[in-house]
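To keep things clear, I will list the structure first and then write my remarks on it.
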């Protein structure tokens, strides 16, 4: 009977721990199933050569570009941040998208489940480097490489946890790799396989500690102007700037400090549209790893298939609008562009076409999201304009309206818009709204809007008046303190008795 109980528990643990990765594409040729040895003291050495460890280091980058990474870090992420907010409609009529537009999401939404699992898979990829790199006995793996690779992995894990804590609140901090389960250690490893949720405060404390560790000497590399697909010191600065603007750990002086550190390393491109455009020959993007980019996932050989889920591929003459796509720009967003006479950013962000459906607009003039116009388009996770406007937000809250206006006007000038008027720049309330609106127009469809509304305390005011001013949006449930966060996947609660669902679900 005891053996049967142990077998059942081990099977359950395995189901929980590996449920995230059953459909995952391999990220390297080496894994815990194919390598590993024991040294003379009996200590397990999981990766014994530099080559083996290198595959794990490269693997944590590769996972961001495989099918799962594209879903989590682009497709679903943008739906949650823009369709779930006021920037877009669902587009296609999938039930999961409809729920998010109507604020009716629940714990069996399969997109939310795959994102939860996908984020933990990325964390696992980072942990394989963090946990194992120092124990590799091969001395050709230098101490400098060990320190740098670990720092980069810490930044990746921090970035993922930052997304997760804003989406779900407190989540389980998985900071180690689970040991093999035996009858003798089953009680000791139970909490590793079935972790409880940490508090929001604990998650932020861990993120900040990891980023500070990554910034130590011999840690993360300096930013590389020709390759922004690296977790550099500048990425860590940008994340810390954003983190210190969040209510849980808010310190606007720290936000300003880290924004300024980012500004030392990158610069705005001259033309807004160049950030996302294809080249004149329509054979590639116009810019890749631009001066403005802080972290981006490039697709120099094509392969960003999310392009086809949002619109068409302008580098492919056979690409057409053949279905309703995901994330149709909302009337409310279009009105915001038009009210500001923001022609430059609207033209870059939205493209109109004649189509064969009329889910949200007349078919002869149907708008589409246009920031991924090619399968060669990068996913730009962090860029300088976001940081400049975040600095403006911090300055407003510090009472320095002059510096806030200067920062906003830098962004407006590039968009060919006039400076903010003095009646706006002299009012804290008006400047708060102006910065938020500028962020909306500058960063539409880049994964910022929902988080901006929550962080600034505008979420209820904006979302709960949306149906009355946007005739095209599906009727929504009210946004309350109980559904600002997403639900935890019910499947994970079912197999992990230590997980507790968010209130309201």
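Laboratory data are not the source of any read-out in this text; all were calculated from the coordinates shown. The shown structure was predicted, so the numbers you read here are calculated from the model rather than taken from an experiment. Please note: Cβ atoms are built from the backbone with ideal geometry, for glycine as well, and neighbour counts cover all protein chains shown.
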*Label point distance in nm, residue 98-residue 364, each placed 7 Å from Cα along Cα→Cβ*: 2.9 nm
*So what's the angle, to the nearest 10 degrees on a 0 to 90 scale, between helix 233-243 and the longest Cα principal axis of the chain?*
70 degrees
*Any chance you could list the semi-axes, whole Å, largest first, of the equivalent ellipsoid that the Cα gyration tensor gives for the chain, using √(5λ)?*
38, 26, 24
*Against the longest alpha carbon principal axis of the chain, how many degrees, from 0 to 90 and to the nearest 10, is the axis of helix 50-62 turned?*
30 degrees
*Relative contact order of region 274-354: what whole-number percent is it, with Cα pairs under 8 angstrom and at least 6 residues apart?*
20 percent
*Whole-number percent relative contact order across region 59-217, with pairs defined as alpha carbons under 8 Å at least 6 apart*: 20 percent
_Cβ-derived FRET efficiency at R0 51 Å, residue 199 paired with residue 335, nearest 0.05_ = 0.80
*For residue 321 and residue 469, compute 0.36 nm times the residue count separating them, minus their Cα-Cα distance, and round to one decimal in nm.*
50.4 nm
*Kindly identify region 176-253 as rounded, prolate or oblate by the Cα gyration tensor criterion: order the square roots of the eigenvalues as a ≥ b ≥ c, call it rounded if a/c is under 1.5, otherwise compare a/b with b/c, prolate if a/b is larger, else oblate.*
oblate
*Between region 210-279 and region 103-153, what's the alpha-carbon centroid distance in Å?*
20 Å
*Roughly how many nanometres apart are two label points built 7 Å out from the Cα toward the Cβ at residue 139 and residue 501?*
5.8 nm
*To the nearest 10 degrees, how steeply does helix 428-443 sit against the main Cα axis of the chain, on a 0 to 90 scale?*
70 degrees
*With a/c under 1.5 counting as rounded, go ahead and sort region 135-216 into rounded, prolate or oblate using the C-alpha gyration tensor (a ≥ b ≥ c being the square roots of the eigenvalues; past the cut-off, prolate if a/b is larger than b/c, else oblate).*
oblate
*Rounded, prolate or oblate: which fits region 347-505 when a ≥ b ≥ c are the square roots of the eigenvalues of the alpha-carbon gyration tensor, with rounded for a/c under 1.5 and prolate only if a/b beats b/c?*
oblate
*asked:* Run the helix sum for the chain: -39,500 (n - 2.57) per DSSP H stretch of 4+ residues, divided by residue count, reported at 222 nm to the nearest 500 deg cm²/dmol.
replied: -13500 deg cm²/dmol
*asked:* Can you tell me, using C-alpha contacts under 8 Å and at least 6 residues apart, the relative contact order of the chain as a whole percent?
replied: 19 percent
